[in-house]
Each structure stands twice: as C-alpha cells, then as structure tokens.
Amino acid sequence: MDMILDSINSPADIKQLDISGLRALCGEIREYIVECCSENPGHLASSLGSVELIVGLHYVYDTPSDKLVFDVGHQAYAHKILTGRKDAFKKNRMADGLSGFPNRDESPYDAFGAGHASTSISAALGLAKAARLSGSNEKVVAMIGDGAMTGGLALEGLNNAGDSKDDILVLLNDNEMAIDGNRGALHSYLLNFTTDPAYNKLKNHVWNKLGSSRFRSWVQRTVRKTKAGLVNKSGGDLFEAFGFRYFGPIDGNDIEEVVRTLRRLKDIKGPKLLHTCTVKGKGYEPAEADPTTWHAPGRFEPATGKRLSGPYKADRYQDVFGEVLMELARKDPKVVGITPAMATGSGMTAFAEEFPDRFFDVGIAEEHAVTFAAGLAAGGMKPYCCIYSTFAQRAYDEIIHDVALQHLPVILCFDRAGLVGEDGATHQGVFDLAAMRSIPNTVIAAPKDEKELKDLLYKGLEIKDGPYIIRYPRGLGEGSAWRGIPADMVEIGKSERLLEGSEVAVLALGPVAHRALEAAMRLEKETGKRPSVYNVRFLKPFDLHMMEEISAFKAIITVEDGALMGGLFSEVSEYVSSHGLKSIVKGLGVPDKFISQAPVREQRELCGLDADSIYSSILKLLKNN
C-alpha cells in the first residue's frame, strides 16, 4: 500500500492534498514519529499532539517565505519531517544527525532556533518588524505550547507585540485544557463570525470611517469588553487586554477545523492569537494515557508501549536529590522545594505528594523561581530550588540581585549540569561554573558521586548566607552507597585528596574525579609514576590549603565538566600566576564552542574528559617535564 508520506519532500507537496488526504497524512506522520522514536529516543508526546497544527500551518502558509517560529522546539518533529528531513529524522538527536530542536543552521524552514521556552513571540515579532521595514509581505507565526506561555519572556513579547500592531499570529498549542467546556453552538458561531472575511472587511471599514476620534476609542473599548465577556472562560480577555485579537479555542487535532481557521486568519491584519486545544501524545494510546512519562520515554516497543530501559547499576542523581530532600523535610519543617515545571525530571514528585504545602511548581519561570525562593528565605524558610543548569542561566540577575546581594540562604540545585548528551547545544549545562564563580557571597559545590550529593544537600541546612549552589549531572551516578548511611557534614571549601603522589597533581571537580582517579591508577600500574589526585568538591570558596600542598609540583591538570574559560582551570591558573609558582597548568574541560548532540560518552571524549584522555594528558606532561 502506497503511503502519502513517501511522496512528501517539502511543504509544497502537501498543498495538492484535500482534507481527507491531510487527515491520512497526519496519521502516517504519527506512525513515523513513533517508529523512529522507539529506536532513537526523543521528545515524543509533545510532537504527537501538534501534528495537525504543523500540517495545517504548512498547508495554509507559504514556507519558508512565510516564517514559522516554534517555542519549546521539541513539538516540531512533524515540521522536520515535512521540510525535506524525513529520512534524516531517523538520526534525530544523534551525532552528525539532526538537532532535536529547530536549528537555523540545519534548514531554511527553521526560521529561529528553539530549545529554551518562551522565546517564540519575541523572535516572531522581530521577524515581523523586519519584514515590514524591508517591505516584505511575508507572514509570521509563533507556535507556543507546553507551558511556555507562563514564562516572563512570553508575556513581555505579548505586551510589545500587542502594542506594535505588526502582522503576527500567535498560535497557542494548549495541551492541558479540556475542549468540551468551550465548545457548542454559541462558541462555533462566534468563531465563524469573527474570522469571516466579510465581517473583517466591514469592521476595518467602520474603524477607518471613525478615524482617530475619542468616539472611535470608546466604541472599540466597548466592543472589546463585550467580546471579552463572551470568551473570558477561554482566557480571551487576557489576550485582548494585551492588544491581541483572540480567536478560539478550536480543536487543534481536527485538521479540517485547523485549516479552515488558519485560512480565515491569514489575511487579518495586526496581532492575532489563535487558541487551540490538543491532546499531548495524540494517536498513541500509551502516550495519551501518561503524557508526562511519554514526554521523553526512551526506547520502547511501538506495538505494546513497553519501555526498554535496562536495569540500572546505580541511582540517578535526580532520584538521590528527591529522596534526600524528603529526608531533610521530615527533619526540618522549614525545608521547602521549588521547581520551574521540572518536578518529574528533578525527582520531586514524591516530595510533592508527601509535602503538598511545602512544594511549589512555579511553571516555566526560572527568574520567578529564584526570587520566590529568596522571598521564602527572607521569611525564615529553607528553600531548595532545583533548576536544570541550562535554564538557570535565565535567572542570573536574580541570583545576583535577589539572593547574593541580600545574603539570603537559598540552596540552588543545578540538575543536568555538564554535558547532557542527545539534547545537544541548547541544553548543555556547561556555563554555570564560569557564570556563578564571580558572584560574591556564593558557594559552588560539585559532588563526585551520590553519597557526596547527599552530604552537600544536608550541608544546606546549615547555610546562613547564600546562594549555595550544588551542581550535579544528568543520569546515573557512580554506584556509591548512600541510602541508610548518615550524611557527613563536609567542611565548606575543603577538598578531598583521593591519591597521594608527586610531580603532577590532577584536580578534578565533580564526578570526573572518578575518571581522573582511574587514569592515575592506570598510570602508576603502567609506568610506576603516581600523580596526586584531588576531588576539589568546591569551586568557591577554593581550597587554598590544597594549592599549598601542590605548590612545588611540576605540573597541574584541572578536569571539569564545564567551560574551561572562567571555571576551575581559570581558578587554578590565577592562583599559580598570582603566587609566582612555576607549575605548568593544563586544563581539560569544555572548549570555547557549542557541543552538538551525541551520547555523553562521545562528548566526554571530544572534550578530553574520559579516563583515556586524562591518562594521555598526564603522561604527556610527565614526558615533557
């Protein structure tokens, strides 16, 4: 049986289809996404829910001349498949394959890159403004969903776009709101009436005749209030207040309704917002039943939905964090947990169930999360605020101004720190060490394993000043025992010597300490030379006693799962230079470039952070000195 998808190589190809053909195409795209993601894991549920919206947009608009800007880019898989990347999608998120997100370097159809949330409206407004200034007639659509509308940047974009009067359509992909309550005869009548071309032609004619008089302003305010009153249950009054004309909600998984509505909206001028309701995981029963798990499920059997994760040899860092946080909350009623829409990913779902009054999911709003935590600390609470490292970048000002400057004891837990693998350049958590190191009053810690993460979390109970940052990687730990073992109250700013040696000192920050120790022990076995190895543990305050111990060493190697510029390598180099030491300093870490998607193992090898690379670096230093 011939598949429609086999004949689709660009959006131009789908314009020959009728509605029944589009409906069949949507089903085939879903099957293809499920098939590919079952073997090559990715973000599944969000992309399944947005298929009709993306097909409809490419059917009605003339891409790439018209610009589609995606928010939370993991909903864009159908977009990639329709825009000449169908075969390449089999290598989505793989090394030398497609990025998991829209990428301007990848395709002219990707008008703007997207990996972090809430950026689409601002970017689309910029594109719309550029089109107007250059005399172009291109259309611009911002497709936003998966909670991204809660981000402050999205609201800033709405505010500016609504006031600008530029021609822009914001398509809200709402996959959490029920559709039934907003449907019916009156709703359908209002939608058809307000999108009707004749109505809009008459409406514009009336406004033009009224001119810019105070009477016109009064009439427009009255009409907006009346319309808002009719649609306020859908949130329309909010968007009308921002200066947008609000349409919807419509069933975003009904391709016929999507196409009909987009056609009517295409030629309406000014800022518009179309509210669509979709089902996350649409068309694949396991994903519809549990969209949170199937947001990024890993490998699975397409026919049964059975997930194929193997038995873990160690606990995940996020689970250590979640369980220890519950221990702390049981001990201290002032402990609270905060996350910006990452409860499951950060291991806080059990905490939320046991301590519902002390758990706060603030939505995709990292800046708010940090300042909210600062307010809690100012009120006497002990906030543990968990943010993925790559998203914590967005709260940099709040960490400085609202936490550090005010000496507030906020414990900031940066999950997914360091190299993150297949999520690629947009999600690498490699900039936190350099970014945070220059902030006064700040403690920056990186545990070498699960037990040390527990120790550092317990230390948070004693913190009187802040911020206190604990950064730890994505995925499995090193297999160290930690459950049922009392926490060691580590000394702030104190490193740990793992191996005593001579000539070369290896200073490692975080779990790379295990790779450094492995390399050093191999070196001793093969050459008889034994370097000293330190688990630095605290980037700030830095252990000056450790530096005194190795001040006579010929060479020092720093190893860090972060940017070389500004992190541990910079810290050690500055010390050596300012103290007049003769030691050669070699830095191993993330170079000054963005690291693309690949398995973490390959990314470590690229950056020289695997045991073999560390071994080679030590050996080379010994030979040259």
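The values are calculated or read from the model by the stated rules, or taken from the named source; none is laboratory data. Because the structure is a prediction, the values reported are computed rather than measured. Cβ placement follows ideal geometry from the backbone for every residue including glycine, while neighbour counts extend to all protein chains displayed.
Among the residues of the stretch 236-258, some residue qualifies, meaning at least one is modelled with pLDDT under 90, farther than 21 Å from Val140 by Cβ and in contact with a helix residue (DSSP H, G or I) (Cβ under 7 Å, 6 or more places away or on another chain).
Taking Asn160, is it of a type in the set (S, T, N, Q), within 30 Å of Ile387 (Cβ to Cβ) and out of contact with any Gly (no Cβ under 9 Å at 6 or more places or on another chain)?
Details: of a type in the set (S, T, N, Q): yes; within 30 Å of Ile387 (Cβ to Cβ): yes; out of contact with any Gly (no Cβ under 9 Å at 6 or more places or on another chain): yes.
Judged against the criteria, Asn160 is a match.
Could you tell me how many of the residues in the stretch 463-480 are out of contact with any Asp or Glu (no Cβ under 8 Å at 6 or more places or on another chain), within 19 Å of Glu323 (Cα to Cα) and free of Cβ contacts under 8 Å to residues at least 60 places away in the same chain? Matching residues across the stretch 463-480 total 1. Being among the β-branched types (Val, Ile, Thr), in the same structural domain as Cys36 (by TED's automatic domain parsing), outside any strand (DSSP E or B) and within 25 Å of the chain's Cα centre (by Cα) is a description that does not apply to Val324.
Within this structure, Leu622 passes the test of being touching a Pro at 6+ places or on another chain (Cβ under 9 Å), among the aliphatic types (A, V, I, L, M) and not in a loop (DSSP other than H, G, I, E, B). If you go through the stretch 63-82 and keep only what is within 17 Å of Glu35 (Cα to Cα) and in a helix (DSSP H, G or I), you end up with His74, Gln75, Tyr77, Ala78, His79, Lys80, Ile81, Leu82.
Please determine, by comparing only the residues of the stretch 493-521 that are touching a strand residue (DSSP E or B) at 6+ places or on another chain (Cβ under 6 Å) and part of a loop (DSSP other than H, G, I, E, B), which one is surrounded by the most Cβ atoms within 10 Å (Cβ to Cβ). The selected residue is Gly510.
Quick check on the stretch 294-308: of everything there that is within 20 Å of the chain's Cα centre (by Cα) and crowded, with 17+ Cβ neighbours inside 10 Å, which residue is farthest from Gly147 (Cα to Cα)? Ranking the qualifying residues of the stretch 294-308, first place goes to Pro297. Just so you know, in the stretch 20-49 the residues that are assigned to a helix (DSSP H, G or I), within 24 Å of the chain's Cα centre (by Cα) and of a type in the set (Gly, Ala, Ser) include one that is farthest from Ala95 (Cα to Cα), and it is Gly49.
Contact map, the stretch 64-86: residues that are in the same structural domain as Arg30 (by TED's automatic domain parsing) paired with residues that are in a loop (DSSP other than H, G, I, E, B) and aromatic (Phe, Trp, Tyr), Cβ distance under 6 Å, separation 6+ or inter-chain. Pairs shown: Pro64/Tyr109; Val69/Phe112; Gly73/Phe101; Thr83/Tyr109.
Quick check: anything in the stretch 563-578 at pLDDT 95 or above, among the β-branched types (Val, Ile, Thr), part of a helix (DSSP H, G or I) and surrounded by 15 or more Cβ atoms within 10 Å (Cβ to Cβ)? Yes, the stretch 563-578 has at least one match. Within the stretch 414-428, take every residue that is of a type in the set (D, E, K, R) and in a loop (DSSP other than H, G, I, E, B) and give me the one that is surrounded by the fewest Cβ atoms within 10 Å (Cβ to Cβ). Among those that are of a type in the set (D, E, K, R) and in a loop (DSSP other than H, G, I, E, B), it is Glu422.
Is it fair to say Ile411 is over 19 Å from the mean Cα position of the chain (by Cα) and buried (at least 24 other Cβ atoms within 10 Å of the Cβ)? Yes; evaluated as a whole, the condition is true for this residue.
Determine which member of the set Phe351, Phe355 is buried (at least 22 other Cβ atoms within 10 Å of the Cβ), over 15 Å from Ile411 (Cα atoms) and more than 14 Å from the chain's Cα centre (by Cα).
Working: Phe355 fails: buried (at least 22 other Cβ atoms within 10 Å of the Cβ).
Just a single option satisfies the conditions, and that option is Phe351.
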